Amino acid sequence: MASNELRGRANWQTISGGKALKTEEIFAKALQIALDGAYPGVFKVDQHPKEFGDIYSKHQLPQQTLDAIYNVSITKSNGKDYQWGISMDFAIRNLQSGKTLFGEIKRQDGWIEGGNMQDGRGNAHERSNKYFTPGLLKVIREKSGISDEILPFWVVFVGDITRDPRRNREIDFWYQGFERNYFMWRDTTDIDSLLQFFEENLLDYLL
């Protein structure tokens, strides 16, 4: 695509109070403003979508597993059900086609100039790999409706991890063939870089 329809439509001037917002809020607001400008009324950027909030509690285990574990009724004594699942950070929805791209924003420390390799501690990037597991990939793709050419999720990394030589190699290795599904947002004040990546790599799959 690379038509630059979105770039410049959402910058610090168009995001009221932007510098006081959390990264997740900046992301959602910037993307919504840009999409509204190019495709009025077509897209909605949701924070913390609810689709997957009970996928674990509703999952049926084999009887032999139930017989071997501490088993509880999913319905509590007060009549409400337990809800075990996942909560993703955002969903970019095409309200006309029903296609949805789900995603996460992962912040992590990293090894950069003046530091040492141990500064890259933390495993937020590894925890995001749960979306590659067969069960989660299946259920997210079913809800997404997006082409199999890409993954049905987008992970946006922020913080020093985005410049860490070790972590960049790990993440790029994991996403081989699906490089469009992750983005190193190295400067979160550079909203155009985020919008350009989204437009050039992911937007077409939502249209």
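From 113, 142, which residue is out of contact with any Phe, Trp or Tyr (no Cβ under 6 Å at 6 or more places or on another chain) and outside any helix (DSSP H, G or I)? Break it down stepwise before answering.
Numbers: 142 fails: outside any helix (DSSP H, G or I).
Just a single option satisfies the conditions, and that option is 113.
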* Count of the range 110-129 residues which are in contact with a strand residue (DSSP E or B) (Cβ under 9 Å, 6 or more places away or on another chain) and open to solvent by 90 Å² or more (accessible area, probe 1.4 Å) -> 1
* Here is a list of conditions, (1) part of a loop (DSSP other than H, G, I, E, B); (2) touching a residue at least 40 places away in the same chain (Cβ under 8 Å), and residue 103 meets all of them except one; can you say which number that is? -> (1)
* To do: Go through the range 75-90 and give me each residue that's exposed (fewer than 15 other Cβ atoms within 10 Å of the Cβ) and either in a loop (DSSP other than H, G, I, E, B) or at pLDDT 95 or above (or both).
  => 76, 77, 78, 79, 80, 82, 83, 84, 87
* Which listed residue is within 22 Å of residue 186 (Cβ to Cβ) and open to solvent by 20 Å² or more (accessible area, probe 1.4 Å), from 163, 141 -> 163
* Asked: When the range 166-189 is examined, which residues are found to be open to solvent by 60 Å² or more (accessible area, probe 1.4 Å) and without any contact (Cβ under 8 Å) to a residue 60 or more places away in the chain?
  -> 166, 169, 172, 173, 174, 176, 178, 179, 180, 186, 187
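The values are calculated or read from the model by the stated rules, or taken from the named source; none is laboratory data. Bear in mind the structure is a predicted one, so any value in this text is a computation, not a measurement. No Cβ is skipped: glycine too gets one built from the backbone with ideal geometry, and neighbour counts run over all protein chains shown. Just so you know, the surface numbers come from the protein's heavy atoms only, side chains and all, with ligands and any DNA or RNA stripped out. Shrake-Rupley method; radii C 1.70, N 1.55, O 1.52, S 1.80 Å.
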